[in-house]
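The values are calculated or read from the model by the stated rules, or taken from the named source; none is laboratory data. Because the structure is predicted, anything quoted here is derived from the model rather than measured. In this analysis, Cβ positions are derived from the backbone assuming ideal geometry, glycine residues included, and neighbour counts consider all displayed protein chains. The accessibility values were calculated without ligands, DNA or RNA, using every heavy atom of the protein model including side chains. Shrake-Rupley method; radii C 1.70, N 1.55, O 1.52, S 1.80 Å.
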Amino acid sequence: MREYLLTLCITAAVTYLLTGPVRKFAIAAGAMPEIRARDVHREPTPRLGGIAMFGGLCAGLLVAAHLTNLKDVFEVSNEPRALLSGAGLIWLLGVLDDKWGVDALIKLGGQMIAAGVMVLQGLTILWLPVPGVGPVSLTPWQGTLLTVALVVITINAVNFVDGLDGLASGMVCIAAAAFFMYAYRIWYGYGLEAAAPATLFAAVLMGMCLGFLPHNAHPARIFMGDSGSMLIGLVLAAGAISITGQVDPDAMKLFEGSEQAAVHATVPVYIPLLLPLTVIAVPFADLVLAIVRRTWRGQSPFAADRGHLHHRLLEIGHSHSRAVLIMYFWSALIAFGAVAYSVNSAGVWFVLAIVALSGVGLVLLLLPRFTPRVPRWAEGFVPPRYRRANRIAQAEQGAEVPAEPVAAGAAPSDSEMAAPEPVGSGMNGGASGGVNGATAIGDRSRFTHRRRIGSPQ
């Protein structure tokens, strides 16, 4: 555990220290697109944050290769080298997209090539634990297709959710923490050395996200771009593939005793089938809904729009930070809930706790819809916007502001600057014509000092 923590800290430190110079490099290289009508940030923000994250990944693997216990992972398994090869290809593709823009189909092909490189070096799914049947061996073609599909889905799910400052890095960090707990339990609890690479990948991924998050938190000073979002998606998928298709369920010796006991005992075996989906459940749901929504409208599945989950949270009335925290909450609830279920699948208190936390999450989700009538004695315990005097003052202020016509050639007023502009599907905006980094949300009236793009102000 100490060596894993050391690897995590080294990865986080290198990523954090590299992000500042990378930001200056991105500005000098011109990887800083102009603000569009649907952007939420008010100043042009550089991308290419994935360069720092890739540096942290290399540093973490290099340190782990020289530690007393973790170096055995590199001697016994070729999976760390396979991960580094695939990560290098996907990172290079992302850098090219952040700077010059790459067509969506070319990016999809590059993702498949990166997954194929990992498969050729041994990082692939060899068998699947099927409930009621047990481990089922896969043919090389079946394992390759399933591995490539899982990598591509995970990469695009993480890329789709990267729409607010700190959202993707925080959600993937939560998923990596849950995955680390599960993989470490399999490795240490059952003594299976085959789970060590997945544990190492989760620790490195946590370090990459933690090191980048201080620079990417709202207001973000740099975006990870596709070079970062596709990279962390690939690392997350590599860990899931390693522990799902490389760890032999028969080695756990769980298929003994009565049938009921065997069902409960084999829950840790079947969790890898669901855990890769639970740790990206929110991004995956966003991905599926986006594809269905755009296809239903007759648009390309890769066309940009404002219908993502984080967009809807902002439209409901949540602030930027609160929307991010709510997404964090649901990711943590699903990911850690799956890990807890693998430990104790028969606990009634566990189910009650999940239901209670889900209820809390729904209340937080719909909170802006409610305007509670707070008694005067309780106004000191609630935010100012719920206090009666503040609501009356806001209503009177809104009633006293008349709408004035703007003369020809005059500068636009604050209210006019706050009016949202119609936004198209996004196919013609930006270098790549799609959502890239934390830049893709529409105008909202709560930004009262937004200036018009191209205005003299």
Whole-number value, in Å³ per residue, for the convex hull of the alpha carbons of the range 62-142 is 136 Å³
Counting only protein heavy atoms and leaving out ligands, DNA and RNA, the solvent-accessible surface of E75 at a 1.4 Å probe, in Å² to the nearest 10, equals 130 Å²
Using a 1.4 Å probe on heavy atoms of the protein chains only, the accessible area for K24 in Å², nearest 10, reads 150 Å²
Gyration tensor (Cα only) of the range 140-248 to equivalent ellipsoid, semi-axes in Å sorted down, yields 26, 17, 8
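Keeping every protein chain in place, order W187, W100 by accessible area at 1.4 Å, biggest value first, i.e. largest first.
Numbers: W187 60, W100 170 Å².
The most accessible residue leads, giving W100, W187.
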Sorted list, accessible surface of protein heavy atoms, 1.4 Å probe, largest first, for H215, H66 is H66, H215
For the range 78-118, shape from the Cα gyration tensor axes a ≥ b ≥ c, cut at a/c of 1.5 then a/b versus b/c, turns out oblate
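Could you tell me whether the range 83-211 comes out rounded, prolate or oblate from its Cα gyration tensor? Rule is a ≥ b ≥ c as square roots of the eigenvalues, rounded for a/c under 1.5, then prolate if a/b exceeds b/c, otherwise oblate.
Working: a/c = 2.04, a/b = 1.29, b/c = 1.59.
Oblate, since a/c reaches 1.5 and b/c is not below a/b.
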Counting only protein heavy atoms and leaving out ligands, DNA and RNA, the solvent-accessible surface of I334 at a 1.4 Å probe, in Å² to the nearest 10, equals 60 Å²
Quick calc: nm separation of the 7 Å Cα→Cβ label points for Q299 and R2 -> 5.4 nm
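So if R0 is 30 Å, what FRET efficiency would L108 and C58 give, r being the distance between their Cβ atoms, rounded to the nearest 0.05? Display every interim value, and only then the final one.
On the way: r = 26 Å, r/R0 = 0.85.
The value I calculate is 0.75.
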Taking protein heavy atoms only, a 1.4 Å probe, and rounding to whole percent, the accessible area of the range 71-216 owed to carbon and sulfur comes out at 72 percent
Under the 7 Å Cα-to-Cβ spin-label approximation, V351 and R322 lie apart by a distance in nanometres of 3.4 nm
Spelling it out for I125: with amide H atoms placed in the peptide plane at 1.01 Å from N, the residues 5 or more places away or on another chain with amide H under 5 Å from its amide H are T147
Mean projected area (nm²) from the convex hull of Cα positions in the range 1-130 is 11.2 nm²
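What is the calculated FRET efficiency for A65 to S358, with r their C-beta to C-beta distance and R₀ = 41 Å, to the nearest 0.05? Could you put the intermediate results ahead of the total?
Details: r = 42 Å, r/R0 = 1.03.
Rounded to the nearest 0.05, the efficiency is 0.45.
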